[in-house]
1. Looking only at the stretch 303-318, decide whether some residue is assigned by the TED database to the domain that holds residue 279 and farther than 30 Å from residue 124 by Cβ.
2. Residues in the stretch 113-121: is at least one open to solvent by 10 Å² or more (accessible area, probe 1.4 Å), in contact with a helix residue (DSSP H, G or I) (Cβ under 6 Å, 6 or more places away or on another chain) and not assigned by the TED database to the domain that holds residue 318?
3. Out of the residues in the stretch 245-263 meeting the condition of being closer than 23 Å to residue 172 by Cα and more than 14 Å from the chain's Cα centre (by Cα), tell me which one is surrounded by the most Cβ atoms within 10 Å (Cβ to Cβ).
4. Every residue in the stretch 35-70 that is over 26 Å from residue 250 (Cβ atoms) and at pLDDT 95 or above, please.
5. Is it the case that residue 343 is surrounded by fewer than 22 Cβ atoms within 10 Å (Cβ to Cβ), in contact with a helix residue (DSSP H, G or I) (Cβ under 6 Å, 6 or more places away or on another chain), among the hydroxyl-bearing types (Ser, Thr, Tyr) and not assigned by the TED database to the domain that holds residue 102?
6. Being part of a strand (DSSP E or B) and of a type in the set (A, V, I, L, M, F, W, C) is the filter; apply it to the stretch 187-244 and report the residue that is nearest to the chain's Cα centre (by Cα).
Amino acid sequence: MTRTYFGTDGIRGRVGVAPVTPDFVLRLGYAAGKVLAHGEQHTQSGGHPTVLIGKDTRISGYMLEAALEAGFSAAGVDVTLAGPIPTPGVAYLTRTLRLSAGVVISASHNPYDDNGIKFFSADGNKLPDEVERAIETQLQRALDCAPSRQLGKARRLDDAAGRYIEFCKSAFPAQCHLHGLRLVVDCAHGAAYHIAPHVFHELGAEVIALGVQPDGFNINEGCGAIAPEMLAQAVREHRADFGIALDGDADRVQMADGAARLYNGDELLYVLAANWISARGQIAGVVGTWMTNLAVEIALKALGLEFERAAVGDRYVLEKLRERNWPLGGEGSGHIVSLDHHTTGDGIISALLVLAALKRSGRTLAEILQDVQLLPQKLVNAPLPPGLDWRHSASLHSAVDQARAALGEEGRVLIRASGTEPVLRIMVEAADMRTAARIAQSIAAAI
């Protein structure tokens, strides 16, 4: 059975357009509650399974939170409401509070008028495909309601942010500190607005906080990890040592150094892999995705590491890591997974690990990455017309074949359907950006 509603990162779309509507989310809460209650092993004293609901700062979060809460209650599931908190914070709290599941209301890096729902299992991992399929099967059944005595209750977790702040700080070596560093921290007006600045400040840094005035509409708007140019400008203006940019739900990160040079997730992944070898000895391998820059693959192999590419999406990076029993993987977008610290990608923790690596080595980001010269990549999002079978499009195949012939051994072409938007993502990697952009546009024109 293929999944109808779940994409690569839960369910996501435009608010008010199916499936991101209050009636559907009510049914989703009920369906998930029935599935989770059936498989519940860690029941609370009252016999009810309990789920944690966190969200980012979108205006629609209030509506969807209420709908989810009602659906879970109707299924006889208790709800703990964490309020605005990063996605990895929900994963952590679900695990540490011994709850049945965690739910995040967020559309990550998308604009404010999108939203979505994603789930974590009791151990803080993304739900397996079979559980998502079970929820979709339950969605086909009629919505019912538990007897009044069995309805779920809801409560607020008032110290959710404080608990997660302490967890993030625990990832930084106890003998280290950030005293003397000036950091620009851009929270994208998202879920980390009241968390990330405190983490870095409490470890000793002077923090210039940006993107910390959410109004429900400005999440990711010209700021954060999807628009890191603002971070670079702020680093220059404030003469900061580093800049850290998170996305709306703070599971991805981009960084800048004191010279305002930006570093993406591919480069930061290399820094962490090199530090791992230097500090703890060899690891077997590192996982990237089909989007990972070829230069990083070559550099990692030069360190003696195996490198494997997974499908795009942090859930697939995680699956490959568990399959190979490796601890480290990530994406150029800034999702970085370090399984010795967390069960999922965490932008704040990833930034702390990079800063710890620099402290330990005494080297700068530019020095560590001096031999890693990224190949230019051009990413084009081409609108996908409804009903178009792009996999069997003769014109698209012809354009891709021509592109690959033109690039030869000096580049790559990758085309995939987005799991979160009705677009085809076209990535062209070439020896220079002009060539990459020209070829990417030619492929988009063929759709």
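1. Just the residues of the stretch 303-318 that are assigned by the TED database to the domain that holds residue 279, to begin with: 303-318.
If we keep only those that are farther than 30 Å from residue 124 by Cβ too, we end up with 304.
Checked the stretch 303-318: at least one residue is assigned by the TED database to the domain that holds residue 279 and farther than 30 Å from residue 124 by Cβ.
2. no
3. Once the filter is applied, the top-ranked residue is 255.
4. Of all residues in the stretch 35-70, those over 26 Å from residue 250 (Cβ atoms) come to 35, 37-49, 70.
70 - this is the single residue of the stretch 35-70 that is over 26 Å from residue 250 (Cβ atoms) and at pLDDT 95 or above.
5. On the way: surrounded by fewer than 22 Cβ atoms within 10 Å (Cβ to Cβ): yes; in contact with a helix residue (DSSP H, G or I) (Cβ under 6 Å, 6 or more places away or on another chain): yes; among the hydroxyl-bearing types (Ser, Thr, Tyr): yes; not assigned by the TED database to the domain that holds residue 102: yes.
Yes; evaluated as a whole, the condition is true for this residue.
6. Of the stretch 187-244, the ones part of a strand (DSSP E or B) are 206-210, 242-244.
Adding the requirement that they be of a type in the set (A, V, I, L, M, F, W, C) leaves 207-210, 242, 244.
Numbers: 207: 23, 208: 23, 209: 21, 210: 20, 242: 21, 244: 15 Å.
Ranking the qualifying residues of the stretch 187-244, first place goes to 244.
Yes or no, residue by residue, for (1) among the aliphatic types (A, V, I, L, M); (2) outside any helix (DSSP H, G or I); (3) buried (at least 23 other Cβ atoms within 10 Å of the Cβ):
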| position | (1), (2), (3) |
| --- | --- |
| 76 | no, yes, no |
| 80 | no, yes, no |
| 92 | no, no, yes |
| 104 | yes, yes, yes |
| 123 | no, yes, no |
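Results for (1) out of contact with any Ser or Thr (no Cβ under 6 Å at 6 or more places or on another chain); (2) open to solvent by less than 40 Å² (accessible area, probe 1.4 Å); (3) assigned by the TED database to the domain that holds residue 256, shown as yes or no for each residue.
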site	(1), (2), (3)
147	yes, no, no
171	yes, yes, yes
174	yes, no, yes
178	yes, yes, yes
196	yes, yes, yes
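The values are calculated or read from the model by the stated rules, or taken from the named source; none is laboratory data. Since the structure is predicted, the reported quantities are computational estimates derived from the model, not experimental observations. Glycine also receives a Cβ, built like all others from the backbone with ideal geometry; neighbour counts cover every protein chain displayed. Heads up: the accessible areas ignore ligands, DNA and RNA and are worked out on the full protein's heavy atoms, side chains in. Shrake-Rupley method; radii C 1.70, N 1.55, O 1.52, S 1.80 Å.
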